[in-house]
Amino acid sequence: MKYVSMKKSLSITIFAIILASFSANVANAESIPEWVKNNALWYGQGDISEKEFLNAIKFLIENGVLIVEASDSKYPKNIDATVIIPNGNSDIDSTGFYLPLNLEIPTNTVVTWVNDDSVPHNIQSLDKLGKVADIFNSPPLNTGDRFEFNFEESGVYNYYCSFHPWRVGSITVE
């Protein structure tokens, strides 16, 4: 039973890839040939073997009918490297943590902090002992102000707001 479920899941996934590939190149899903739809269905129902189904997918790829783009990066090309300081972040009882609390980015990415709170904040980088480090440190940021820093080296960078020291965050650079 588990094998059949896994097989159906694989079939649906491959069909979704085929559908996305055709949809990206053509305006409507009706352009997907019936034989592609049928092969996905037959594989999901167990009417054709996994080898037959994978050979059909291989044929589509080798003949440029299905184009699969591989990426050697876990990050999207247009990564959103923004950290929001949400409204209420200054209140010690608030759950208004930095959004995201830990931002993961590749090297050479510019991170932008945006103060959406109603009171000023700052961004102070911390060393491994929790002391302010001279890596990236912002002036006071009023509501709507932004602060940017380009992370050129990998590592984990912790920071906090010296006005509200209970608010801490981190940037992981790989």
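Here are the numbers:
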item: Those residues of the stretch 162-174 which are of a type in the set (A, V, I, L, M, F, W, C) and part of a strand (DSSP E or B), in sequence order; result: W166, V168, I171, V173
item: Evaluation of T112 against (1) at pLDDT below 70; (2) surrounded by 13 or more Cβ atoms within 10 Å (Cβ to Cβ); (3) of a type in the set (S, T, Y) (one fails), failing number; result: (1)
item: Filtered residue count, the stretch 131-161, keeping only those that are touching a residue at least 24 places away in the same chain (Cβ under 8 Å), part of a loop (DSSP other than H, G, I, E, B) and either surrounded by fewer than 15 Cβ atoms within 10 Å (Cβ to Cβ) or among the aromatic types (F, W, Y) (or both); result: 6
item: Flag if S94 is under 30 Å from the mean Cα position of the chain (by Cα) and modelled with pLDDT under 70; result: no
item: Condition broken by T95, with the remaining ones in (1) assigned to a loop (DSSP other than H, G, I, E, B); (2) surrounded by fewer than 17 Cβ atoms within 10 Å (Cβ to Cβ); (3) touching a residue at least 12 places away in the same chain (Cβ under 8 Å) satisfied; result: (3)
item: Index of the failed condition, F15 passing every other in (1) under 30 Å from T143 (Cβ atoms); (2) surrounded by 14 or more Cβ atoms within 10 Å (Cβ to Cβ); (3) modelled with pLDDT under 70; result: (1)
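Condition check ((1) closer than 17 Å to N89 by Cβ; (2) at pLDDT 95 or above) across all residues:
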site	(1), (2)
H121	yes, yes
Q124	yes, yes
L129	no, no
V132	no, yes
P140	yes, yes
G144	yes, yes
E152	no, yes
P165	yes, no
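The values are calculated or read from the model by the stated rules, or taken from the named source; none is laboratory data. Predicted model only: the values in this text are computed from it and were never measured. As a convention, Cβ positions derive from the backbone with ideal geometry for all residues, glycine included, and neighbour counts pool all protein chains shown.
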